[in-house]
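Here is the structure we will look at.
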Amino acid sequence: MALFTCFQCGAQFPESETPPQSCSICEDERQFVHWSGQKWLTREELAATHRLAWRDDLGLGGIGLEPGFAIGQRALLVPENDGLVMWDCIPLATEAAIGHVRSLGGLKAIAISHPHFYGALADWSEAFGNAPVYLHGDDRRWITRPHPAIALWTGDSLRLSDGIMLVRAGGHFAGGTVLHWRSGADERGALLTGDIATVAMDRRFVSFMRSYPNYIPLNADAVKGIADAVSPLRFDRIYGGWWGRNIASEAKAAFEASVKRYLSAIA
Ligand SMILES: [Zn+2]
Ligand SMILES: [Zn+2]
């Protein structure tokens, strides 16, 4: 029996003798099956060819695979009084990286923006005593490896603690979630967005897509829905979904300008 990981998107599947027939996340129009065909790696094959590296990303600890794998996911570690919340997940957990996270206080929970970052959520949860994994229930059909630690939530927001709140923004995925960290950015507030609002290459704007690799834009209603979900939140910084893809300051104004620019571009 082996745990197979999809080479293209990094989602891990349940234990099986042979690789799964297909990857539902990659078959979806928002992702793609590699043009040379669906490829799988066992967890051991993935660990033999990749390592996990951790470094600071604008004041937050991050973990990602080296060399880059799947869509280049990186997880962020948001500090709380009683442990870390892992925001978004990566396709692999190694003893070294688990030890590193333990040295920082360990995980009390995992929260994930959308299915492209589900990765090896079960391995990370199990390493920390089945820490709860918060996924929005509207995306439940995309779970590739069901696990008892998965805590599906519904509605528009979920408070994880005094300082951390999950907000359902929708758009890219129906359950697309952002994390509001009240004391982030030196108490000015930070928003962790994955690619629900993706930070542009100039680090001054965000943009929105139904599919990034297949260039399918979001419609105006969906973007207005994201803007409405975010508007009550106080923040000065946005952490996007990839290494260094962040807006360091004045991010709320940048977000609002981005919504305006996007809506006029598709009008
Ligand atoms: Zn896949
Ligand atoms: Zn995505």
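Data table
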| item | result |
| --- | --- |
| Inter-label distance, nm, simple model (7 Å from Cα along the C-beta direction), Asp156/Ala253 | 2.7 nm |
| Percent antiparallel among DSSP beta bridges (both partners in segment 100-224, rounded to 5) | 70 percent |
| Residue among Thr177, Thr94, Thr49 with the largest mean-square fluctuation in a Gaussian network model of the chain, springs linking Cα atoms under 10 Å | Thr49 |
| Relative contact order [Cα under 8 Å, 6+ residues apart], the chain, whole percent | 14 percent |
| Length-normalised contact order for segment 208-267 - Cα pairs under 8 Å, 6+ apart - percent | 28 percent |
| Residue of Ile112, Ile216, Ile196 that the Gaussian network model of the chain assigns the largest fluctuation, springs spanning Cα pairs under 10 Å | Ile216 |
| Stretch gain in nm, segment Asn219-Glu29, where the contour uses 0.36 nm per residue and the Cα spacing is subtracted | 66.8 nm |
| Heavy-atom accessible surface of segment 1-68: percent carbon and sulfur, 1.4 Å | 53 percent |
| Lys/Arg +1, Asp/Glu -1 at C-beta; the chain dipole; positive extreme among Ala190, Leu107, Asn130 | Ala190 |
| Full-extension gain in nm, Ala48 to Ser264, via 0.36 nm per residue minus C-alpha separation | 73.0 nm |
| Distance between modelled label sites at Met201 and Met165, nm, 7 Å Cα→Cβ extension | 3.6 nm |
| Rounded Å value of the spacing that divides the Cα centres of segment 188-251 and segment 20-85 | 20 Å |
| Computed lengthening from Arg55 to Thr18, 0.36 nm per intervening residue step minus Cα-Cα distance | 9.8 nm |
| Candidates Ile110, Ile98, Ile238: whichever shows maximal mean-square fluctuation once the chain is modelled as a Gaussian network with Cα springs under 10 Å | Ile98 |
| Total formal charge among the other residues, if their Cβ is under 12 angstrom from that of Phe69, Lys/Arg +1 and Asp/Glu -1 | +1 |
| Where GluC sites (Glu not before Pro) fall in DSSP loop in segment 2-100, at most 13 other Cβ within 10 Å | Glu17, Glu29 |
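The values are calculated or read from the model by the stated rules, or taken from the named source; none is laboratory data. As the structure is a prediction and not an experimental result, all values here were calculated from the model. Don't worry about glycine lacking a Cβ; one is built from the backbone with ideal geometry, like all the others, and counts go over all protein chains shown. The accessibility values were calculated without ligands, DNA or RNA, using every heavy atom of the protein model including side chains. Shrake-Rupley method; radii C 1.70, N 1.55, O 1.52, S 1.80 Å.
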